1. Does Thr110 satisfy the criteria of being hydroxyl-bearing (Ser, Thr, Tyr) and under 18 Å from Pro44 (Cβ atoms)?
2. Could you tell me whether the stretch 34-42 includes any residue that is at pLDDT 95 or above, β-branched (Val, Ile, Thr), open to solvent by 40 Å² or more (accessible area, probe 1.4 Å) and out of contact with any Ser or Thr (no Cβ under 8 Å at 6 or more places or on another chain)?
3. Show me the strands (runs of 3 or more DSSP E) entirely contained within the stretch 49-128 in which 1 or more residues are open to solvent by 40 Å² or more (accessible area, probe 1.4 Å), of a type in the set (Lys, Arg) and under 25 Å from His5 (Cα atoms).
4. Scan (1) polar (S, T, N, Q); (2) closer than 25 Å to Ala124 by Cβ; (3) at pLDDT below 95 for the single condition Thr110 breaks and write down its number.
5. Given the conditions (1) out of contact with any Leu (no Cβ under 8 Å at 6 or more places or on another chain); (2) over 17 Å from Ala9 (Cα atoms), report the number of the one that Ser77 does not fulfil.
Amino acid sequence: LLDSHRPDAMRLAPLRLASSLPPREGRGAGEPSHLWGEGRVRGPVLALCRLRPPHPAKVTLIAGRPVHLRSDLLAGSIVASAGPWRASGEWWLERPFFQDEWDVELEGGTLCRLSHDGSTWFLAGIYD
């Protein structure tokens, strides 16, 4: 990940494995640690699979909320939505960014992430 607030800020690099993990101090061997990914997850877990690059979409709004989505991957009525979550940054650069993101549920149960940069809508990801 890059040092940015941009949701998609990342760079690919060759994988380099450390020769050893740092020591795990101050706890017993069988004790769960959230830092080391041990323990049990309670409740449903969703993972957002970001589409890179995001797919252009047409979104219909009613009273400022998305109600219908059409893209080359998904299309349908939106039955529930949460958002917008506003992100902006890099205002010190020539091309700062800003966008609103929405999590939506389509009529068939598909959960996805939409983003809007002020002029264009995108299908930014699909929950798995």
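1. yes
2. No, the stretch 34-42 has no match at all.
3. Values: elements: 65-71, 75-89, 97-106, 111-116, 121-127.
Counting at least 1 such residues, we get 65-71, 75-89.
4. (3)
5. It is condition (1) that Ser77 fails.
The values are calculated or read from the model by the stated rules, or taken from the named source; none is laboratory data. The structure presented is a predicted model; accordingly, all values stated were derived computationally and were not measured. Using ideal geometry, Cβ is built from the backbone for each residue, glycine included, and neighbour counts are taken over all protein chains shown. Just the protein is used for accessible areas: all its heavy atoms, side chains included, with ligands, DNA and RNA removed. Shrake-Rupley method; radii C 1.70, N 1.55, O 1.52, S 1.80 Å.
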